[in-house]
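What follows is calculated from the coordinates using simple rules that are stated; it is not laboratory data. The shown structure was predicted, so the numbers you read here are calculated from the model rather than taken from an experiment. Here the Cβ is made from the backbone with ideal geometry for all residues, glycine too, and neighbour counts use every protein chain on show.
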Amino acid sequence: MTSVDESTAAGSSAAGPHPALADLASYPFLSALTDRRTRRIPRGFSVNAGPLSHESHNDPAPLSKLEEAILVSTVTGITGITTHDGPLVEKNGENELGTPFLNILARTGSSADNAQATHFFMINDDGIFLLRAPRGQEALDLLKDLPPKWGDRTEADWIEAAGKCIIRISDRRLDFPREWPYYLGWNNQASNAPGTTVFFPVVDCTWQYINAIIILLTEPGGMRPLFLDDWRSFHPKGFVERFAKIGGALGITPKIPYHPIGGLSRVRSGYVNKDSQAPLGFGGALRTDYESFFYFQNLMLMGQSMGLGGWIHGSVFPPYIWQQDDSKGWHGLGFRLEEPKKHRKWPPVPASQANPVGIDGILEGLTPPYVSSMDEAVDRVVESKYSATGPAYGNEKVFASSYRNIDDARAFLEKGTRFGPDEIAYTKDICNYIWDTYGRFPAHVDAFYTPGMWLQFSHLEMEYYDRFFDPRQYTRQAAHDGLWHR
């Protein structure tokens with residue numbers, strides 16, 4: 001029978017550094033890519049599969065603090081300062097926006113406009129935890145205090161860095177009835193099992209939704225888009241005819257009668273191009289959600305490098321996973337769900353559904369009730385980007401960290417354009433329109449979006465794999481205990 005010895009699970013002895021860390025740092029990237037597999041069966045789990053059944057005689061073996069700390073840092077770790085290596089002048093000679101990023105600190109995952117919008121929840125036998133990446137001055141301090149190369153980190157470094165990011169949400173494991181519509185297929189047996197550590201991503205779409213709109217409005221006047229609401233099929237009687245008449249007079253011929261946002265005066269003045277149209281429904285999450293999938297891949301490669309079992313699969317489905325209701329057997333994340341504005345004819349999903357806006361005092365989207373108005377929400381995005389303190393465009397010293405000399409950084413900031421008052425004003429009109437029309441923000445995607453997937457890590461039930469599978473399929477996992485749990 002195999003098990004993790006809890007006396008050694010936390011890490012190294014007084015004789016020296018943890019032996020597994022040097023091995024982890026030297027594990028080849030190509031091996032991580034080619035040997036990565038989905039491995040589902042955690043230690044202590046019995047498999048009922050007819051002739052391939054297996055009865056476990058092991059206890060569940062939770063990950064150690066060090067193992068979880070490395071995985072936590074994979075999705076929260078700060079890796080340095082971003083590189084602004086893009087052009088500042090359009091081909092037509094117009095100035096290009098030089099300040100598109102929401103954050104100028106770099107993390108391990110690629111992110112649209114460096115929004116860093118993905119937050120992971122960690123679920124284990126000890127409870128549910130929000131993994132919140134450090135921000136502002138805290139992030140700068142952590143970057144200064146820790147070794148810049150992750151391979152140089154000690155066990156204490158890993159655990160300290162992860163500890164700054166872990167916020168307890170609940171003192172018990174996430175729990176739902178193990179049946180449809182909560183779990184799908186065989187996930188209801190091996191998923192979220194005792195002894196496993198699960199990473200579940202949610203994407204805060206609110207900040208980047210605003211940032212992306214303003215970025216689009218910095219396009220030169222000839223290409224600046226007219227934002228449209230392509231979900232307004234529930235307009236009052238006569239709207240289509242009135243729109244067609246007004247639009248025809250202005251030369252606007254959308255493929256379907258979309259609702260122009262912010263007033264047609266911007267078309268008349270030439271501020272927006274009537275033929276450059278941006279339907280909000282088509283935009284969805286504005287690519288903000290892609291970041292979560294990069295983190296999934298990073299986690300899987302890290303788990304393979306450590307010799308852990310890893311399994312990306314369908315999570316407990318939204319909207320259930322947002323909620324905590326013991327009377328229904330739901331012990332989820334505890335999000336605030338805000339009901340939308342009611343319409344006689346419902347708009348498409350998700351605009352007609354309750355909006356997960358955050359967890360009060362812990363994780364709050366940039367939307368009412370956490371801001372007083374959508375004007376405030378837009379102002380906060382602009383202020384955070386151009387602040388003179390913390391890691392922002394207004395902090396020349398921090399911005400210059402990735403350049404050879406500060407003069408080059410200063411030249412970039414002086415040439416790079418910022419958001420102008422007209423772009424900010426139109427963005428406020430768009431955001432207020434969404435809120436006034438639907439009673440939620442955003443309307444065309446949830447404030448906190450989830451891809452409906454999570455990633456489960458575990459120590460594997462080695463007797464099961466040794467009995468049924470080719471040992472070449474799990475050599476790293478077979479060596480795990482000898483390195484990590486001496």
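So the values come out like this:
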| read-out | value |
| --- | --- |
| Least to most buried among Lys328, Lys65 (fewest other Cβ within 10 Å first) | Lys328, Lys65 |
| Least to most buried among Arg336, Arg410 (fewest other Cβ within 10 Å first) | Arg410, Arg336 |
| Karplus 3J(HN,Hα) series, Hz, for the stretch 290-306 with 6.51 cos²θ - 1.76 cosθ + 1.60 (x for Gly, Pro) | 4, 4, 4, 6, 5, 5, 4, 5, 4, 5, 4, 5, 5, x, 5, 4, 7 |
| Tail weight of P(r) past 25 Å, computed on alpha-carbon pairs of the stretch 86-223, percent | 50 percent |
| Chain lengthening between Ser26 and Asp379 when straightened (0.36 nm per residue, less Cα-Cα) | 122.5 nm |
| Mean separation of Cα contacts under 8 Å, 6 or more apart, over the residue count of the stretch 375-459: relative contact order % | 17 percent |
| Percent antiparallel among DSSP beta bridges (both partners in the chain, rounded to 5) | 90 percent |
| Calculated FRET value between Arg132 and Glu396, using beta carbons and R₀ = 22 Å, to 0.05 | 0.20 |
| Net length gained if the chain between Ser387 and Asp145 were fully extended (0.36 nm per residue, minus Cα distance) | 84.8 nm |
| Ascending count of other beta-carbon atoms within 10 Å, so fewest first, for Val371, Val378 | Val371, Val378 |
| Translational diffusion of the stretch 66-164, µm² s⁻¹ [Kirkwood Rh, Cα pairs; Stokes-Einstein; 10 °C; 1.306 mPa s] | 104 µm²/s |
| Over 20 Å (Cα to Cα) - which of Lys149/Lys385; Lys91/Lys415; Lys65/Lys164; Lys385/Lys415 fall in this group | Lys149/Lys385 |
| Cα centroid separation, the stretch 416-486 to the stretch 64-99 (Å) | 17 Å |
| Computed FRET value (nearest 0.05) for Asp59 with Leu184, which takes r as the C-beta separation and R₀ as 35 Å | 0.80 |
| Nearest-0.05 FRET efficiency for Phe282 and Lys341, computed from C-beta distance (R0 22 Å) | 0.50 |
